[in-house]
Amino acid sequence: HLPNGKSKTLHGRFLHITDIHPDPLYEVGSSASEMCHRGKPDRKNDFATKFGVAMNGCDSSMELMEHTLKWIYDNLRDEIDFVVWTGDNIRHDNDRKNPRTESQIFDLNAQMAQKFEKMFRNPNSIDPRNFDVDVVPSLGNNDVFPHNLFSLGPTLQTREIYNMWGNFIPQEQQRAFARGTSFFVEVIPGKLAILSIQTLYLYKANPLVDTCDSKKEPGYQLLLWLGYVLEELRSRNMKVWLTGHVPPLEKNYDGNCFHKFTLWTNEYRDIIIGGLYGHMNMDHFVPVDRKRSWKAVTGSK
Amino acid sequence: KASGKALVGDTADDSLGVLDSAVEASGLRIMGAKPVNKEAYMNTVREMYYKKIASRLGVRMNKKGKKGRTDRKSGNGDRYSIVNVAGSVIPTFNPAFRVWEYNISGLDVEYQSKDFQSQGWGAFFEELEIKMERDLQEDNIFSGWRRTFSDSRRTDKTIPRKMPSDLALGPAYTPQLFSPTRFIQYYADLASIEKKYKKALKNGLGEEEAAVEAFSYGIEYCSDDQPYAMKSLLTKDYIDLAVKLADNDKLWEKFTERAFISTDYTD
C-alpha cells in the first residue's frame with residue numbers, strides 16, 4: 001500500500017530494453033546490401049527476411065519490433081515492476097537515397113512512446129499518467145537531428161521530446177527536463193528511483209560537447225543537476241539505478257566527463273545500485289575505477 | 001583529442017585506441033547495424049579492464065579456472081562501479097533484452113512503518129532551479145581567483161565530495177533491499193524463427209498466423225547458469241567474474257558467445 005492511498009504489486013523484477021531501431025522502409029525480400037530497403041538479393045544471407053537476419057547490417061523490420069513488443073506484453077507485462085528503455089527508436093541514417101528527416105525521427109519516436117504507454121498504462125484509469133508498470137525512457141544518439149547533435153534546452157527539440165514523453169515524466173520535473181532532458185521516476189515511491197540521464201551531453205560524438213569543465217558545457221550542467229539530485233535522494237534514504245543510452249566508457253565520453261561521471265557513480269555508492277546502458281549492441285559489463293578517476297581529475301587540475 | 005589527452009594526463013592509455021574503430025562502427029556514426037571489430041573491442045575490454053583488475057588483485061588462475069595465488073583480496077570491490085551494457089533488439093546480433101531480478105524482501109514492513117513518509121518533489125525542483133542559476137553565473141574576478149588558488153574540488157561542483165565514512169555501502173555492494181540478485185537474458189534466434197515461419201507457411205497457415213506461431217523469445221542464459229554462475233550480482237561478484245575471465249580462455253569463449261547473443265560472430 002503506497003502512501004498516496006494507491007496500491008501496487010511488486011514482483012522484484014524489471015525489464016531493460018534498448019536499441020529497437022525499427023525501420024519503416026524495411027522491405028521483405030530486398031537486399032541487405034541495400035539496407036533491406038530495395039534491390040535483389042544476390043546470395044542467401046543478403047535476403048531481407050520477415051524478422052531480419054543477424055549480423056547482416058539491416059535495421060529492425062517493423063514486424064520484428066511489433067512482435068517483440070507483443071511478446072513482452074503477452075509474457076512479461078504482468079511480471080515486472082518497471083521498464084528501463086534506453087533509446088534509439090529509429091533506423092540508422094545509412095541510406096543515401098533516403099536520408100532521415102527531423103520529422104521522421106520524431107514521428108516514429110512518438111509512435112514508439114504511444115506503444116509503450118498503451119502496453120504498460122493502467123487500462124482502467126482515465127489518468128494518462130497512471131501506469132501499472134512505470135516506463136523510464138532515455139534518448140539515443142539516433143533519436144536526435146542532426147545525428148548525434150543535441151544542445152541544452154529549452155529548444156524546439158526538447159519541447160518535442162517532452163510532448164512525446166510527457167506521461168512518463170513527473171510533472172514537477174517539466175522545467176528541469178526542458179533544460180537538461182534528464183529526469184527520474186520514483187518507481188517505488190520514497191524508496192527506489194530510476195534516473196534517465198541525457199548521455200548525449202557527455203558524448204564525444206556530439207559536436208556541442210567539449211569537456212565537462214566549463215559552466216557553458218552541457219555536460220557540466222548535467223553533472224551539476226546529477227549532484228543535486230543524488231544528494232537529495234541520499235537525504236531521503238532512497239536508492240537509485242542510473243540509466244541512459246551511451247555507456248559511460250572512456251572512449252565514449254568527452255574529456256573529463258568520463259572521470260567526473262565515474263566519480264559521481266562511485267562516491268554515491270551508498271545509494272547507487274548500478275548503471276544500465278545501450279548503444280553498443282553487445283551484452284557485457286565494464287568495471288570503472290574510482291581511484292583512477294580521482295587521479296585523472298586531480299591531475300588535470 | 002589533444003585536449004582530452006592533456007586533461008587525463010598520463011592516465012590516458014594509447015592501447016585503448018582499438019576501441020575507437022569498434023565504437024565508431026557500433027552505429028554511432030552514419031554506419032548501419034553491421035558488427036565491425038566487435039571481437040577486437042571485447043579483447044580490449046578483457047585486456048584493459050579484466051586483466052588489469054586481476055593483476056591488481058594479484059590473482060593467478062590455474063588451468064581449471066580456479067584461483068591460485070591471491071596477494072590481495074577483492075573485498076567488497078567498492079572502488080569499482082559496474083557499467084552494464086545491454087544487447088539490442090536490432091539484429092546486430094540476435095535480438096535481445098534482459099529481465100533483472102532484485103531483492104524486495106522486507107519492503108512491505110518498511111511501508112507499514114509509521115516513520116515512513118513519502119515527500120513531494122515540487123519544493124526541491126523550485127530550489128534546484130535557483131541553485132543551478134546561481135552556480136552557473138559567470139565567474140567574477142573573485143571566484144576565478146578562488147578557483148585558481150584553492151582546492152578545485154571545493155569550487156567545482158561537478159566533482160563530488162568523497163562519500164562520508166559513516167555511510168554504509170549500498171545495494172550494489174552488500175546484500176540488502178534492492179540488491180540485484182539475478183538476471184535472465186532473453187533472445188530471439190532469428191535463423192530458427194525463419195525456419196519455423198517457412199514451415200508454418202508450407203503447412204498452409206496465413207502470413208500473420210505463421211508469424212505468430214514462429215516468433216518467440218527464449219532464454220539465452222541466466223546469470224546463475226554455468227560455466228560461470230554468479231551467486232548474486234553485487235559488485236564483488238562482477239569483479240570475481242572479471243578475474244576469472246582474465247585468464248581462462250574457455251570461460252572467455254563462452255562470455256563472448258553471450259556478448260554476441262549466441263551468433264557465431266568473429267571479426
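Some notes on this structure:
- Computed from label points 7 Å out along Cα-Cβ, the spacing between residue A:126 and residue B:205 is 4.1 nm.
- Over the protein assembly as shown, the Kirkwood radius and the radius of gyration, each from Cα atoms, give a ratio Rg/Rh of 0.95.
- In summary, the convex hull built on the alpha carbon positions of the range A:23-141 has an orientation-averaged projected area of 8.4 nm².
- Peptide A:172-181 - average C-beta neighbours from other chains (10 Å radius): 3
- Other residues with beta-carbon under 11 Å from the beta-carbon of residue A:2 carry, at +1 per Lys or Arg and -1 per Asp or Glu, a net charge of +2.
- Separation between Cα centres of the range A:254-299 and the range B:173-218, rounded to whole Å: 33
- Cut-off 13 Å between beta-carbons: net charge of the residues surrounding residue B:108, Lys and Arg +1, Asp and Glu -1: +1
- Computed about the Cα centre, the dipole magnitude for the protein assembly as shown is approximately 1840 debye when only Lys and Arg (+1) and Asp and Glu (-1) carry charge, each at its Cβ.
- By the compact-protein rule of thumb, 2.2 N^0.38 Å, the alpha-carbon radius of gyration of chain A corresponds to a ratio of 1.03.
- Cβ charges +1 (Lys, Arg) and -1 (Asp, Glu), total dipole of the range A:1-86, debye: 200
- Comparing Cα centroids, the range A:106-177 and the range A:53-72 end up 22 angstrom apart.
- Where no second cysteine Cβ lies under 4.7 Å, the cysteines concerned in the protein assembly as shown: B:222
- Annotation for the range A:9-58: trypsin sites (Lys or Arg not before Pro) lying in DSSP loop with at most 12 further Cβ atoms inside 10 Å of their Cβ are A:43.
- Counting only lysines at least 8 places from residue A:8 when in the same chain, those with an alpha carbon closer than 27 Å to its own are A:70, A:115, A:118, A:191, A:239, B:114.
- Look at B:125, B:97 and count the other Cβ atoms within 10 Å of each Cβ; fewest to most, that gives B:125, B:97.
The numbers here are math on the coordinates, done by the rules we state, and not lab data. As the structure is a computational prediction, the values presented were derived from the model and not from experiment. Ideal geometry is used to build each Cβ from the backbone, glycine not excepted, and the neighbour counts take in all protein chains shown.
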